Amino acid sequence: MKRSKGFTLIELLIVVAIIGILAALLIPNAITAMQKAKQKGTMKDITTIGTALTDYITDNGVAPAHDGSYTVNDPIYTSLVPFYVKTMPTVDKWGNDLLIYTRDNCDGVYGIQYSGDPGNDEFVVASNGRNGTAGDINYNPQDPTAGLYIVNNMSDFDNELVMWNGNWIIAPRTYTSATSSSS
């Protein structure tokens, strides 16, 4: 009697169990890494737009007027492209609209409050994060670092990314307080 070569049912079950355990361990890390890449890519895009706006204001003394999302046909876009920035995204890496507020349109967005006239050189560039809704975190002028958060879980990718006049006011922290106090 000739014995056929192959795997037994027990061997196959062990291999499937090992693959299942590895997948359970690796897939959440891969998903988190993908979200972090989208967050960092969106931050890079916001920084690029902020730099273009700063250059425009330096040359013209005033920011182009705008309030909210934009398209490639809007004056804010045509004012910056292609002279101040070669290309400018209109959506973040999650597919949600990027937002630009300039001049007095900055007052009241993301917790920013002015006691007087905001001026013509003010601007805010923002993404409402993965969920696309505002209000997860607001800027607090009494504690300017309160808008900086640590990414600990998937829901933290829903938080906004907000740059005001070239400075991050709502964004992920690059360090923890324990790290900064021990250095």
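Results, tabulated for the structure shown:
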| read-out | value |
| --- | --- |
| Equivalent ellipsoid semi-axes - Cα gyration tensor, the range 35-91, angstrom | 21, 13, 10 |
| Carbon plus sulfur fraction of accessible area for the range 25-80, probe 1.4 Å, in percent | 61 percent |
| Accessible surface ranking that places the most exposed of 74, 143 first, with a 1.4 angstrom probe | 143, 74 |
| The chain - accessible surface per residue (Å², probe 1.4 Å) | 59 Å² |
| Per-residue [θ]222 nm for the chain (sum of -39500 (n - 2.57) over DSSP H runs n ≥ 4, rounded to 500) | -12000 deg cm²/dmol |
| Among 69, 127, 155: highest mean-square fluctuation, GNM of the chain, C-alpha pairs under 10 Å | 155 |
| Under the Karplus curve 6.51 cos²θ - 1.76 cosθ + 1.60, θ = phi - 60°, whole-Hz ³J(HN,Hα) for the range 86-100, x wherever Gly or Pro sits | 5, 9, 9, x, 9, 10, 7, 5, 8, x, 8, 4, 7, 10, 10 |
| Charge dipole (the chain, unit charges on Cβ, about Cα centre) - positive-most of 29, 64, 140 | 29 |
| Leading residue at positive end of dipole, the chain (Cβ point charges), from 76, 129, 106 | 129 |
| Most mobile of 16, 81, 62 in a GNM of the chain (Cα contacts under 10 Å) | 16 |
| Given charges at beta-carbon only (K, R positive; D, E negative), |dipole| of the chain in Debye | 1620 debye |
| Ranked by how many other beta carbons lie within 10 Å on average, peptides 49-59, 21-31, 85-95 from highest | 49-59, 85-95, 21-31 |
| Label-to-label distance, nm, for residues given as residue 24 and residue 44 (7 Å Cα→Cβ offset) | 3.6 nm |
| Accessible surface of the range 95-163, 1.4 Å probe, proportion on carbon and sulfur as whole % | 38 percent |
| Gain on full stretching of the segment that runs from residue 17 to residue 32 - 0.36 nm per residue minus C-alpha separation | 3.0 nm |
| Point-to-point label distance, residue 148-residue 134, nm (Cα→Cβ direction, 7 Å offset) | 2.4 nm |
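The values are calculated or read from the model by the stated rules, or taken from the named source; none is laboratory data. Quick caveat, the model's predicted, so the values are computed rather than measured. FYI the Cβ positions are ideal-geometry reconstructions off the backbone, even for glycines, and counts take in every protein chain you see. Surface accessibility is based on the protein's heavy atoms, side chains included, excluding ligands, DNA and RNA. Shrake-Rupley method; radii C 1.70, N 1.55, O 1.52, S 1.80 Å.
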